[in-house]
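Please read the structure below before turning to the comments.
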There are 2 protein chains.
Amino acid sequence: MSQLTCQEWSYHRRVSLRIAALGLLAQQPGSGYDLLRLFEQSMANVWPATQSQLYSELNKLADGGLIEVSAIGPRGRKEYRITDAGRAELRRWVNNPADDPPFRSPRLLRIFLLGEVSPSQAREHLAELAGRADGEIARLEKLRTEIVSENPDDGLFYGLAALDYGLRLNAMEAEWARSVIDAIDAR
Amino acid sequence: MSQLTCQEWSYHRRVSLRIAALGLLAQQPGSGYDLLRLFEQSMANVWPATQSQLYSELNKLADGGLIEVSAIGPRGRKEYRITDAGRAELRRWVNNPADDPPFRSPRLLRIFLLGEVSPSQAREHLAELAGRADGEIARLEKLRTEIVSENPDDGLFYGLAALDYGLRLNAMEAEWARSVIDAIDAR
DNA sequence: TCCCTCATGTAACACGTTACATGATTTC
DNA sequence: GAAATCATGTAACGTGTTACATGAGGGA
């Protein structure tokens with residue numbers, strides 16, 4: 001009975017917002033509200049979060065002993081901080097990439113099904129994809145400039161690495177989309 | 001009362017396995033069991049499916065009139081085929097990329113949190129990523145050779161385009177991972 | 001007959017979204 | 001005092017996974 005208390009944390013490895021929240025709390029304590037803004041600002045590019053889910057995950061994390069309330073402020077504000085168990089869990093997750101969820105991409109699925117629409121519609125769709133990727137590149141480059149100027153030390157080293165991934169991904173995507181357009185034209 | 005019948009299909013746009021199944025049935029009729037094998041073979045790289053979900057989605061699709069049972073075989077086998085409404089829905093989805101779910105990547109989240117482990121562990125993790133990407137490239141290239149040799153016509157044009165995306169993605173990832181390793185070494 | 005493949009389904013759970021609900025504190 | 005912001009929560013639903021369950025047909 002009640003096998004659901006502690007083992008839970010080792011069972012479900014396909015875990016996500018839980019980890020993202022844990023990761024933010026590993027850097028500094030904060031309330032749900034604080035975390036929400038951190039998600040919007042820094043982590044949204046990697047892991048968007050909704051308010052609703054965040055608060056319930058924080059409660060679950062606290063129930064599981066991975067975080068704890070470090071202070072109570074006005075308006076019922078609960079400031080959380082990570083525990084040793086939480087840090088261990090975070091490290092375990094980072095070191096175990098084996099069991100990530102399978103790769104799923106609505107974008108690629110759409111490409112797969114592009115034969116269902118006319119060639120001109122397909123070309124248009126791909127051109128939009130390429131344009132969107134160009135826009136993303138511009139946005140991310142601006143973001144990088146801001147981050148670099150506001151953080152002279154390299155405290156955000158890995159954040160910038162992730163950003164670089166985004167830049168390369170979008171460059172690849174734009175190039176690829178245009179190559180498919182060329183292939184359609186050459187058909 | 002009962003607003004849940006037909007409008008449903010226009011409301012939920014973040015739809016996925018539903019569309020993938022519809023897309024396969026658009027190419028040829030088949031049973032749930034047939035589709036399952038098609039998912040494993042051709043579509044697993046783009047949209048993996050579990051047996052359980054597939055069968056219930058097929059029932060929902062049939063309830064919604066997007067597919068219909070075209071024949072009943074031995075062992076209760078139900079062969080489905082797409083309807084006109086189904087084709088229309090499929091085309092609508094392909095033409096409306098705007099409301100795809102937000103981009104989420106456990107892989108990138110892990111990079112973001114790589115500061116939690118030691119530099120040597122981080123380097124090792126990135127090396128594994130690069131190696132895995134190399135392996136994926138080999139696998140996809142083999143797959144492409146098979147597809148090209150078995151399909152002299154270009155009936156799988158968009159399938160090959162999706163495959164090319166996968167190749168470029170993995171090449172990008174390997175290159176990126178190695179560049180981050182270099183950056184760690186240079187720190 | 002026994003086993004493998006074909007063939008479909010149910011139940012419980014995990015994760016994420018949207019919408020709704022509530023109230024305290026600060027600021028103008 | 002009104003409004004914006006801070007701060008947390010619940011409920012219902014959609015989608016995906018795992019495990020379990022069932023049975024028919026074909027070949028050794």
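List of remarks:
- The simple spin-label model puts a point 7 Å past each Cα toward its Cβ; for A:Arg139 and B:Ser70 those points are separated by 4.1 nm.
- Under 15 Å from a label point set 7 Å out along the Cα-to-Cβ vector of B:Glu146, the amide N atoms of segment B:42-66 belong to B:42-46.
- Counting only alpha carbon atoms, the long axis of helix A:51-63 and the longest principal axis of chain A meet at about 40°.
- Shape of segment B:101-187 from the C-alpha gyration tensor: prolate (a/c of 1.5 or more and a/b above b/c, with a ≥ b ≥ c the square roots of its eigenvalues).
- Angle between chain A longest axis and helix A:17-27 axis [Cα atoms, degrees, rounded to 10]: 60
- Residue-count net charge about B:Ile72 - beta-carbon cut-off 13 Å; Lys, Arg +1, Asp, Glu -1: +2
- If you sort B:Leu126, A:Leu38 by accessible surface, 1.4 Å probe, largest first, the order is A:Leu38, B:Leu126.
- Taking the convex hull of the alpha carbon positions in segment B:8-99 and averaging its projected area over all directions gives 5.8 nm².
- Summed side-chain charge close to B:Ala49 - residues other than B:Ala49 whose Cβ falls under 15 Å, Lys, Arg +1, Asp, Glu -1: +1
- Under 5 Å between amide hydrogens, built in the peptide plane, is the criterion, and for B:Ile67 it picks out B:Ala62, B:Thr83 among residues at least 5 positions away or on other chains.
- At 7 Å out from Cα toward Cβ: A:Gly65 inter-copy label distances (nm, ascending): 5.7
- Excluding same-chain neighbours fewer than eight residues apart, the lysines reachable from A:Lys60 by a Cα-Cα span under 28 Å are A:Lys78.
- Calculated SAXS-style log₁₀ I(q)/I(0) at q = 0.11 Å⁻¹ - segment B:40-166, Debye, Cα scatterers: -0.68
- Histogrammed with a bin width of 20 Å, the alpha carbon distances of the protein assembly as shown distribute as 24, 53, 22, 1 percent, first bin at zero.
- Dipole check for segment B:106-186: with +1 at the C-beta of Lys and Arg, -1 at the C-beta of Asp and Glu, and the Cα centre as origin, the magnitude is about 240 Debye.
- Between helix A:119-150 and chain A there is an angle of about 40 degrees, using the helix long axis and the longest principal axis of the Cα atoms.
- For segment A:64-138: rounded, prolate or oblate by the Cα gyration tensor [a/c cutoff 1.5]: prolate
- Here B:Ser118 and B:Ala98 are evaluated by their C-beta separation; at R0 = 45 Å the FRET efficiency comes out at 0.60.
- Over chain A, relative contact order from alpha-carbon pairs under 8 Å, at least 6 apart, %: 19
- Cα gyration tensor shape for segment B:47-108, rounded if a/c is under 1.5, else prolate or oblate: oblate
- Listed residues A:Leu90, A:Pro152, A:Ile137: farthest to the positive end of the dipole of chain A (Cβ charges): A:Leu90
- Cut-off 14 Å between beta-carbons: net charge of the residues surrounding B:Ile147, Lys and Arg +1, Asp and Glu -1: -3
The values are calculated or read from the model by the stated rules, or taken from the named source; none is laboratory data. The model shown is predicted, which means the values in this text are computed figures rather than measured ones. FYI the Cβ positions are ideal-geometry reconstructions off the backbone, even for glycines, and counts take in every protein chain you see. Just the protein is used for accessible areas: all its heavy atoms, side chains included, with ligands, DNA and RNA removed. Shrake-Rupley method; radii C 1.70, N 1.55, O 1.52, S 1.80 Å.
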